[in-house]
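Only one structure is covered here, and it is reproduced in the block below.
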Amino acid sequence: GFQPQLPAKNTFISDSFKLEKTTKLQAANNQQQPEKIYANKGIESWQGVSDRFNQPKAATYISLQNPQITQKLNQRLLAQLAAKWLNNQLNAPAYPARLAGLDYSIYAHSRGLTLHLNGFNQQQPRLAKLMLEELLAGKVEEASFERLKNQLVQQLANQQVSQPVQQLVNQLHTQ
């Protein structure tokens, strides 16, 4: 017969709700903007802390930079494909994180890729690790690549026929 089962434990659920304090620099400037907390070999990590809503949440930006993207169109297109692919790859493994109050986005920009994490701060390092491991594993199936490439081609074709104002907004978004 039917045996109901509980899902596996969600390891992304926070068990500490300690509030992070704003840094001295942020407090001195009354600053709510993210600040760079790490930079090395083309990788930057930004973190924003706000006690405005009295919640243990943070926004973290990890910028993976490649100087060739600013110089070569094909590298910029590959960055867009990589962002689409990574978003696709994370659908299942990162689903528990979303259920636990963590959100993320991956997007290409004029210097590379950004991984943006938002939500309860305690488990953000675990989610960032999952995202980076998935990116480094780089298991791209041909069918998936073709599907994502076709989506990008369609997106670019649609941009060509969009209104000039919308083209400007799209261009500003990728800077």
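The values are calculated or read from the model by the stated rules, or taken from the named source; none is laboratory data. Note that the coordinates shown come from a computational prediction; the quantities given were computed from them, not determined experimentally. With ideal geometry, Cβ positions are generated from the backbone for all residues, glycine too; neighbour counts draw on all protein chains shown. Surface accessibility is based on the protein's heavy atoms, side chains included, excluding ligands, DNA and RNA. Shrake-Rupley method; radii C 1.70, N 1.55, O 1.52, S 1.80 Å.
Quick notes on this structure:
- Accessible area of the chain belonging to carbon and sulfur atoms, whole % at 1.4 Å probe: 54
- Zone residues, segment 76-107, relative to N10, backbone N less than 15 Å from point 7 Å out along Cα-to-Cβ: 92-104
- Accessible area per residue in Å² at 1.4 Å probe, computed on the chain: 68
- Site pair K139 and I43 shows an inter-label distance of 2.1 nm when each label is modelled 7 Å from Cα along Cα→Cβ.
- Across segment 82-98, computed HN-Hα scalar couplings (Karplus, 6.51 cos²θ - 1.76 cosθ + 1.60, θ = phi - 60°) run 4, 5, 4, 5, 5, 4, 5, 5, 8, 3, 6, x, 9, 4, x, 5, 4 Hz from first to last residue, x flagging Gly and Pro.
- The calculated 222 nm mean residue ellipticity attributable to helices in the chain amounts to -12500 deg cm²/dmol, summing -39500 (n - 2.57) over DSSP H runs of n ≥ 4 and dividing by all residues.
- Pair-distance profile P(r), taking every C-alpha pair of the chain, with 10 angstrom steps and integer %: 9, 30, 32, 21, 7, 1, 0
- Bridgeable lysines around K149 (alpha carbons under 21 Å apart, same-chain partners fewer than 8 residues away excluded): K72, K84, K139.
- When you filter the GluC sites (Glu not before Pro) in segment 51-151 for DSSP loop state and at most 13 other Cβ atoms inside 10 Å of their Cβ, you are left with E141.
- Range in the chain, longest, excluding exposed chymotrypsin sites (Phe, Trp or Tyr not before Pro) [loop by DSSP; at most 10 other beta-carbon atoms within 10 Å]: 54-175
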